[in-house]
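The values are calculated or read from the model by the stated rules, or taken from the named source; none is laboratory data. All of these numbers come straight from a predicted model, not from anything done at the bench. Using ideal geometry, Cβ is built from the backbone for each residue, glycine included, and neighbour counts are taken over all protein chains shown. Areas reflect the complete protein model, heavy atoms only, side chains present, ligands, DNA and RNA absent. Shrake-Rupley method; radii C 1.70, N 1.55, O 1.52, S 1.80 Å.
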Amino acid sequence: MTDKPKMDRRSFLKRTALGGGAVAGTLAAPAVLAQAPIVLKMQTSWGAGNIWQEMAQDYADRVEQMSGGRLKIDVLPAGAVVAAFQVLDAVNDGVLDAAHSVPVYWYGKNKAASLFGTGPVFGGSATTMLSWFYEGGGKALYDELTRDIMGLDVDGYMGFPMFAQPFGWFKQEVNTVADLQGFKYRTVGLAADLLQSMGMAVAQLPGGEIVPAMERGVIDAFEFNNPSSDKDFGAHDVAKNYYLSSYHQASESFEFLFNRLTMEDLPEDLRAILKYGVEAASTANTAKAMRRYSADLKWLQEEAGVTVRRTSKEILEAQIQAWDKLIPTLEEDPFMKKCLDSQRAWVEQVTYYEIMNAPDYALAYDHYFPGRLSL
């Protein structure tokens with residue numbers, strides 16, 4: 001694609017921000033204040049009914065309010081302009097101004113993308129790794145990957161530290177590593193490499209394709225992310241065994257992705273609102289997820305007849321061992337080694353404090369709600 005669409009977009013934004021170019025200079029102040037808002041087109045990687053689409057809209061609502069209506073975001077679901085896994089290209093090319101997705105969805109372009117969402121994380125949580133992005137050098141490494149290595153005109157920010165992703169949905173119990181052998185399983189990113197090494201055959205599919213693939217027999221087990229999205233997909237209609245806790249994707253956050261030229265053309269205060277609006281939405285998304293994920297997990301158990309278990313210690317230990325074998329192959333790439341070294345140093349320092357400082361929450365929970373946990 002040529003640069004013409006980008007240049008047209010830049011010119012449009014400049015004219016819009018100035019209230020229509022030279023004409024703006026002849027208008028009285030009230031007319032300037034009444035100028036049409038700048039509208040950015042953002043597509044997500046989620047279906048219209050997914051809770052994550054709602055979370056993207058929460059971000060757009062905050063941006064509009066903080067800008068006093070000067071900046072609006074038109075939030076579109078996956079497939080409205082491009083497919084779920086193609087939003088990075090669309091933002092880079094200026095077809096979209098922004099996207100709401102996860103970096104692992106462009107893992108096929110560069111495996112290092114997965115380190116910003118589905119890497120080994122060395123015992124860190126999603127909160128640990130989101131903090132690494134902003135305070136531990138992660139943003140600079142992300143920019144190096146997208147701009148310097150891949151040559152993309154994008155600017156990305158992370159928000160909403162997701163709870164560790166469930167191991168997923170199975171038609172029968174899985175308690176040992178031997179039980180996993182031969183499963184046709186859906187996951188994404190480096191988790192695919194990890195679980196293939198444990199004997200599973202992996203397919204990388206967008207969320208909206210998972211249940212149809214189960215119904216056709218293309219896959220026979222899967223994970224996506226959380227109880228609310230899984231409920232929305234109808235996961236409980238195709239499997240009844242739901243395993244929580246896993247190291248295959250222990251950390252991930254949303255990627256708020258912007259066309260860099262579009263960002264540069266915006267007034268400084270609107271750029272700041274787009275950037276720091278991610279932080280506001282991150283807090284709001286976390287609170288909403290805590291309420292909805294827990295309520296939907298209860299619904300899956302009590303109304304849909306789903307059996308919820310924690311993944312066995314044997315499988316969890318095998319996942320760690322599989323990461324141990326995979327990491328040296330990843331570190332053959334100099335950039336991936338730089339990222340992993342940075343993450344390892346951050347987690348060693350930060351998670352030590354987190355774990356040493358944290359009381360035993362399970363002990364207190366079991367005291368006040370005896371018999372509720374099945375550990």
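Residues in segment 365-375 that are open to solvent by less than 80 Å² (accessible area, probe 1.4 Å) and either under 31 Å from the mean Cα position of the chain (by Cα) or touching a residue at least 60 places away in the same chain (Cβ under 8 Å) (or both): 373 alone. Selection over segment 176-207 of residues that are open to solvent by 10 Å² or more (accessible area, probe 1.4 Å), closer than 20 Å to residue 240 by Cα, in contact with a strand residue (DSSP E or B) (Cβ under 9 Å, 6 or more places away or on another chain) and of a type outside the set (A, V, I, L, M, F, W, C) gives a count of 3. Taking every residue in segment 38-60 that is at negative phi and open to solvent by 40 Å² or more (accessible area, probe 1.4 Å) and pairing it with any residue that is among the β-branched types (Val, Ile, Thr) and outside any loop (DSSP other than H, G, I, E, B), at least 6 positions away or on another chain, the pairs with Cβ-Cβ distances below 6 Å are 57/75. Of all residues in segment 130-142, those satisfying the criterion of being within 17 Å of the chain's Cα centre (by Cα) and open to solvent by 10 Å² or more (accessible area, probe 1.4 Å) are 130, 131, 134, 139. Is it the case that residue 232 is open to solvent by 50 Å² or more (accessible area, probe 1.4 Å), touching a Gly at 6+ places or on another chain (Cβ under 8 Å) and acidic (Asp, Glu)? Yes; evaluated as a whole, the condition is true for this residue.
Does at least one position in segment 90-98 carry a residue that is within 21 Å of residue 151 (Cα to Cα), buried (at least 22 other Cβ atoms within 10 Å of the Cβ) and without any contact (Cβ under 8 Å) to a residue 24 or more places away in the chain? No, because not a single residue in segment 90-98 is within 21 Å of residue 151 (Cα to Cα), buried (at least 22 other Cβ atoms within 10 Å of the Cβ) and without any contact (Cβ under 8 Å) to a residue 24 or more places away in the chain. Residue count for segment 61-88 under the criterion of being surrounded by fewer than 18 Cβ atoms within 10 Å (Cβ to Cβ) and closer than 23 Å to residue 207 by Cα: the result is 5. Among the residues of segment 277-302, those that are more than 30 Å from residue 176 (Cβ to Cβ) and open to solvent by less than 30 Å² (accessible area, probe 1.4 Å) comprise 277, 278, 281, 282, 284, 285, 289. Across segment 349-364, the qualifying residues are those that are β-branched (Val, Ile, Thr) and open to solvent by less than 90 Å² (accessible area, probe 1.4 Å), and the one among them that is farthest from residue 125 (Cα to Cα) is 350.
Could you tell me whether residue 141 is over 23 Å from residue 86 (Cβ atoms), in contact (Cβ under 8 Å) with a residue 24 or more places away in the chain and part of a helix (DSSP H, G or I)? For residue 141, the condition - over 23 Å from residue 86 (Cβ atoms), in contact (Cβ under 8 Å) with a residue 24 or more places away in the chain and part of a helix (DSSP H, G or I) - is met. What about residue 185, is it hydroxyl-bearing (Ser, Thr, Tyr) and in a strand (DSSP E or B)? Taking the combined requirement at face value, the residue satisfies it. Filtered by the rule that a residue be small (Gly, Ala, Ser) and surrounded by fewer than 17 Cβ atoms within 10 Å (Cβ to Cβ), segment 303-348 gives 304, 305, 345. Residues in segment 115-128 that are farther than 15 Å from residue 246 by Cβ and either touching a residue at least 40 places away in the same chain (Cβ under 8 Å) or surrounded by 22 or more Cβ atoms within 10 Å (Cβ to Cβ) (or both): 115, 116, 122, 128. From the set of residues in segment 143-160 that are buried (at least 17 other Cβ atoms within 10 Å of the Cβ) and more than 15 Å from the chain's Cα centre (by Cα), which is farthest from residue 250 (Cα to Cα)? Checking each candidate, the answer is 153. Might you let me know whether segment 236-246 holds any residue that is in contact with a helix residue (DSSP H, G or I) (Cβ under 6 Å, 6 or more places away or on another chain), crowded, with 22+ Cβ neighbours inside 10 Å and touching a residue at least 60 places away in the same chain (Cβ under 8 Å)? No, the conditions are met nowhere in segment 236-246. In segment 247-276, of all residues being charged (D, E, K, R) and over 30 Å from residue 312 (Cβ atoms), the one that is most open to solvent (accessible area, probe 1.4 Å) corresponds to 268. On the given criteria, is residue 317 part of a helix (DSSP H, G or I), modelled with pLDDT of 95 or more and closer than 19 Å to residue 244 by Cβ? The answer is yes for residue 317.
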